[in-house]
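Comments concern the structure below.
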């Protein structure tokens, strides 16, 4: 089991005002799954993604990553997990605008302490595997189209060979054709054995995943894995 979330709550405080973002959320994700987390604005899906990505801690409950309760980890320990085991893809791309494609892809390896020559070799290898045109490797990221920038972001997410890829509205700033290409990339990565969690508010995007977890008002209101297990149980009976 790669991920196990047990009765997780998250409460944000501003003075005396409390906002409950997650209300006792529980689920698990196995290695190799492709899961979409869907919900409207304010459902808690982004908060949940931040917890899954070790960017934040739950107010209560437990989050197990590779069998370890990381909800009790220090900020430095969480940073280590992010550096070595999780790849992120965001709606806004989050690339360095005046850095080349190659440098952007290699950036996580800088934080991981990989020597310059080695990280360039790894970055080039990932770009080749991603079929990213070599003629653009030394272009600045702000010289690229939105679709190409997202492909760079995906390559960057893969460069440290992560156990988990977290994608937050990865097609949100793309036209439909380019968005389709990005979704096909995630499907290909999943077929290669990558574990992917994709956060979206669009049903047609969520349906590209093999499993959908639906959130509303900080609670899970649906999980197609549970529905599948229920059907299989009924068949056996």
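Which residues, counting only those in region 68-90, are in contact with a strand residue (DSSP E or B) (Cβ under 6 Å, 6 or more places away or on another chain) and under 20 Å from residue 159 (Cβ atoms)?
86, 87, 88, 89, 90
How about region 128-158: which of its residues are touching a helix residue (DSSP H, G or I) at 6+ places or on another chain (Cβ under 8 Å), within 30 Å of residue 81 (Cβ to Cβ), at pLDDT below 95 and assigned to a loop (DSSP other than H, G, I, E, B)?
Those that are touching a helix residue (DSSP H, G or I) at 6+ places or on another chain (Cβ under 8 Å), within 30 Å of residue 81 (Cβ to Cβ), at pLDDT below 95 and assigned to a loop (DSSP other than H, G, I, E, B): 130, 132, 144.
Name the residue that is farthest from the chain's Cα centre (by Cα), counting only residues in region 72-87 that are buried (at least 17 other Cβ atoms within 10 Å of the Cβ) and without any contact (Cβ under 8 Å) to a residue 60 or more places away in the chain.
If we take residues in region 72-87 being buried (at least 17 other Cβ atoms within 10 Å of the Cβ) and without any contact (Cβ under 8 Å) to a residue 60 or more places away in the chain, then 73 is farthest from the chain's Cα centre (by Cα).
Just to be sure, is residue 106 in contact with a strand residue (DSSP E or B) (Cβ under 8 Å, 6 or more places away or on another chain) and surrounded by 12 or more Cβ atoms within 10 Å (Cβ to Cβ)?
Answer is no for this residue.
Among the residues of region 111-127, how many are touching a helix residue (DSSP H, G or I) at 6+ places or on another chain (Cβ under 9 Å), more than 11 Å from residue 152 (Cβ to Cβ), assigned to a helix (DSSP H, G or I) and modelled with pLDDT of 90 or more?
Count: 6.
Quick one: in region 159-190, which of the residues that are part of a helix (DSSP H, G or I) and touching a strand residue (DSSP E or B) at 6+ places or on another chain (Cβ under 9 Å) is surrounded by the fewest Cβ atoms within 10 Å (Cβ to Cβ)?
187
Looking at 39, 44, which is the one that is out of contact with any helix residue (DSSP H, G or I) (no Cβ under 6 Å at 6 or more places or on another chain) and either surrounded by 13 or more Cβ atoms within 10 Å (Cβ to Cβ) or farther than 25 Å from residue 191 by Cα (or both)?
Going through 39, 44 in turn, just one is out of contact with any helix residue (DSSP H, G or I) (no Cβ under 6 Å at 6 or more places or on another chain) and either surrounded by 13 or more Cβ atoms within 10 Å (Cβ to Cβ) or farther than 25 Å from residue 191 by Cα (or both): 44.
Being free of Cβ contacts under 8 Å to residues at least 24 places away in the same chain, part of a strand (DSSP E or B) and either within 15 Å of the chain's Cα centre (by Cα) or surrounded by fewer than 22 Cβ atoms within 10 Å (Cβ to Cβ) (or both) is true for just one of 6, 13. Which residue is that?
Residue meeting the stated conditions: 13.
The values are calculated or read from the model by the stated rules, or taken from the named source; none is laboratory data. Please read all numbers here as calculations on a predicted model, not as lab measurements. Cβ: placed from backbone, ideal geometry, glycine included. Neighbour counts: every protein chain shown.
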